[in-house]
Amino acid sequence: MTAPHPHGDAPRKKPSAERAARRLAALARKWGYLVSTTAYLPHTPEEIERELAALSGRLFAAVVSDPPDLAAAADAGGRLVELRCVGADSLRRSLEVLGKALLREPELGGVERLAERVVLVLGAFSSGYGEMLREDIQKRQEGLSRALLKVEQETRQKQVITRAQFEEVFAGSASGVALTDLDGRVLRANAALAKTLNRTPAEIAALTLFDLVHPEDVEQLRESYRELVAGRLHRLRAGRRLVGKDGEPMWATFAASVIRDAVGTPRQLLTIVDDDTEVSLLQRRLSHQALHDALTGLPNRQFFSTRLETLLRDADPARGITLFHLDLDGFSRINGGLGQELGDRVLRGVAAKLKTVFEPEKALVARLGGDEFGVVVPNTADTPGVVTLVRRITRELAEAEYVDGERGVAVSAAIGVVHRPPRDTTPAELLRASDLTLRRAQRTGSQWGLFDRDLDRRDRHDYGLAASMAGAWENGDIVAGYRVLVSATSGAVGGVEARLRWNHPAEGVLPHETCVRLAAETGLALPLGTWLLRTAAEQLAAAGIGVPLVVELTPQQAADPELVGELRGVLEDTGLPPDRLRPGFPAPALTAESGDAADNIKVLAEIGVRAEIHGFADACCLTEFPAGTVRISADLAAKREHPLVTGPLSALIDAAHAAGASVSVAGVRTADEAAWWQERGVDLLTGPAFPERPGGLPAC
């Protein structure tokens, strides 16, 4: 990148070859990037950078030569053309990057009259570029002229045959062909073009080509033809709209070229017109299919989200929009019990009913996926209230649809409603709000729910916790904690109960009940419950505590076909006696239709594991299910002093004792509560009233 000073001054220290190569490579990379944005380069980026690095070195050498080597600079400009860097801005971008590099290069700082030398070199570079570009264009034009001359000579030799061939192609072509003068006046048109335009060839010959094009496309087509005639465009191929005799627009592809005489002067234009109407219709159909549900014909979620943004923006500022998010109740039973074909008919029926309900409101109805539908209503002064519209939906859906003339099928739906959201709400945020509102209504058993900002904030908070639960478990933030079960008569420790404890960095300690609820929402209930069972047994065995271990099972665990095998493995691995392990079965799980939990508790009794029944509220279950202990239902315990509850509760305790089962109560907060339960004959108590830590085990 450096050379000896042109005036013979003391030689300066030369940079290393490696440093010079790096600078040239950096300049070439920047230069290559800039020119690649201005023209199509038929070379790889590595090839361009290598060539431009060589040109950069030649230009640097030309600057420091005495006098400046303008011939070498001109050759470099010509080489740039040979590399096909011939875009409209290729030379300007090149001069910019080279000028800055030559003037700022530290190694050239000592060169006298550096700016003057750079100007001379870049001027020669530009001159060489222009001369080579001119020669290149000239060669191309000469090649075209020679080709046309050769064609003309051959045409003259075979004039009769060629004319016959042309006439055959012109007349028999399936594509429309028009021969026009340079102004577009039609000289000849074949039958295919006449058929496409529903005109006769004579009618077309009385017009110009631009009279056959849609008015909105005329100016663009004129400009393209001017470019073609001027030689700035070698061949034209563009999509334009034709107008038939009946005025209907038709999409067509124009392919035009110039017919020149022997000396290359443009004489006529030959235009081939292909009718693309069917292709255009197919493209529109495919686009429609991409944005609409194939089964119901309704817009799909993608279309709905896009349109929702527009409706939000254009809505009446005072009235806004209302979004209804529907999820059909029990639709899987229709599919499973009556077949998917009938299920599809039901979905189509729901789509039709929703369109009927909202037709007066000019609403957008969409199928969001599966059995979910969305409706957005631009509110006006005449739009009914939310309650009225919800009632219309439920009433319309409740109308049975008869299949095969005898089977009536009706559906219901849970509905989440977001009324008048802020206009700056994004479609994604709005759909998420409606979905959370819908899920809240389903959780509470309501037919519909209205978006509530505070409840929405709470739900989002809970969903965020649930989503991070798996990571927290993996990181060890979720641990096993323990609380004691105290004998109601002696006050001695009668057992310990394992419970989940989440040490959340922002929320603090999240209790067992919260962990179980969040785990149920994320599918972690079974693996996390199994982990707690095994971990608690291992820790109890390691601590050498000789009291029973109670682990409350989730409904999923209680019905897990692998539960018995898992418990056998725990007992074998820890060495705990079977009567020391007391899994707590939720009472509702034992009476479930599947019967899996009932089978599990019976098999466990056979191997010596004395299970407990939690949520105990009916003594009849003890006649069927073996249990060593029952835990009073939390609902009954909370209402223990109500006149209608106290008596039956005492009878329930007596019935449990009569069946040979101990009775426990959780959630005891005060000594008075403990005394009340002791008077009723309860055997074991646990809760905040008993803060004693189980020896050697972490408290919950």
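Size descriptors for region 17-137: radius of gyration and Dmax over Cα atoms are 13.5, 41 Å. Of T383, P422, G369, which is farthest on the positive side of the dipole of region 361-444, counting Cα position, with +1 on Lys and Arg Cβ, -1 on Asp and Glu Cβ, and the Cα centre as origin? After comparing all options, I get P422. Tell me the net charge near A587. Cut-off is 14 Å between Cβ atoms, A587 excluded, with +1 for each Lys or Arg and -1 for each Asp or Glu. That sum, taken over residues with Cβ under 14 Å, equals -4.
Going by how many other Cβ atoms sit within 10 Å of their own, how do Y225, Y40 line up, fewest first?
Working: Y225 23, Y40 9.
Placing the least packed residue first, the sequence is Y40, Y225.
Modelled this way, with points 7 Å down the Cα-to-C-beta line, the labels at T253 and R84 are 2.3 nm from one another.
What is the sum of charges around Y463, taking Lys and Arg as +1, Asp and Glu as -1, for the other residues whose C-beta is under 13 Å from the C-beta of Y463?
Values: positive: R432, R439, R440, R443, R457, R458, R460, R517; negative: D435, D456, D459, D462, E521.
Here the charged neighbours net out to +3.
Remark: relative contact order (region 466-685) = 16 percent; criterion is Cα-Cα distance under 8 angstrom and separation of 6 or more residues. In percent, rounded to a whole number, the relative contact order of the chain is 6, using alpha-carbon pairs under 8 Å and six or more apart. Please label the shape of region 582-659 as rounded, prolate or oblate, based on the square roots a ≥ b ≥ c of the eigenvalues of the alpha-carbon gyration tensor (a/c under 1.5 means rounded; beyond that, a/b larger than b/c means prolate, else oblate). Because a/c hits 1.5 or more and a/b exceeds b/c, region 582-659 counts as prolate. The mean sequence distance of close C-alpha pairs (under 8 Å, at least 6 residues apart), as a share of the length of region 337-379, puts its relative contact order at 28 percent.
Over the chain, dividing the summed -39,500 (n - 2.57) contributions of all DSSP H runs of at least 4 residues by the number of residues returns a 222 nm mean residue ellipticity of -16500 deg cm²/dmol.
What fraction of the DSSP beta bridges in region 428-587 is antiparallel, stated in percent and rounded to the nearest 5? It would help to have the intermediate numbers written out before the result.
Values: 12 of 19 bridges.
Antiparallel bridges make up about 65 percent of those DSSP assigns within region 428-587.
For the chain, the longest principal axis of the alpha carbon atoms and the long axis of helix 563-574 meet at an angle near 80°.
If you plug the beta carbon distance of T208 and H43 into 1/(1 + (r/R0)^6) with R0 = 45 Å, you get a FRET efficiency near 0.55. Ordering H214, G471, Q141 by the projection of their Cα atoms onto the charge dipole of the chain, which places +1 on the Cβ of Lys and Arg and -1 on the Cβ of Asp and Glu, puts Q141 at the extreme positive end. Roughly what % antiparallel, to the nearest 5, for the DSSP beta bridges in the chain? Of all bridge pairs located within the chain, approximately 75 percent are antiparallel. Over the chain, how many pairs of lysines fall under 19 Å by alpha carbon, counting only those 8 or more apart in sequence or from different chains? The result is 5. What nm distance separates the two modelled labels at I607 and T310, each placed 7 Å from Cα along Cα→Cβ? The two pseudo-label positions are separated by 6.4 nm. Compute log10 of I(q)/I(0) for region 466-685 with the Debye formula, placing one identical point scatterer on every Cα and leaving out solvent, at q = 0.09, 0.12, 0.14 Å⁻¹, to two decimals. Debye output, listed in q order: -0.36, -0.65, -0.89. When I653, I334 are sorted by how many other C-beta atoms sit within 10 angstrom of their C-beta, beginning with the fewest, the order is I334, I653. Phi angles across region 61-72 convert, under the Karplus curve 6.51 cos²θ - 1.76 cosθ + 1.60 with θ = phi - 60°, into 3J(HN,Hα) values of 5, 5, 5, 8, 5, 10, x, x, 7, 6, 5, 5 Hz, Gly and Pro given as x.
Extending 7 Å from Cα along the Cβ direction at A238 and again at R226 yields two label points whose distance is 1.1 nm.
Computed about its Cα centre, the charge dipole of the chain is approximately 2700 debye, with only Lys, Arg, Asp and Glu carrying charge at their Cβ. Of the options [x] 43.0, 126; [y] 28.3, 91; [z] 37.2, 118, only one is Rg and Dmax of the Cα atoms in Å as computed from these coordinates, and that is [x].
For the chain, the longest principal axis of the C-alpha atoms and the axis of helix 512-522 are separated by about 40°. The HN-Hα couplings worked out from phi for region 220-230 by the Karplus form 6.51 cos²θ - 1.76 cosθ + 1.60 (θ = phi - 60°) are 5, 5, 4, 5, 5, 5, 4, 4, 5, 5, 6 Hz, whole numbers, x standing for Gly and Pro.
Readers should treat all values here as calculations from the given coordinates under stated rules, not as data from a laboratory. Remember, it's a predicted structure, so these values are computed and weren't measured experimentally. Neighbour counts run over all protein chains shown; Cβ positions are idealised from the backbone, glycine included.
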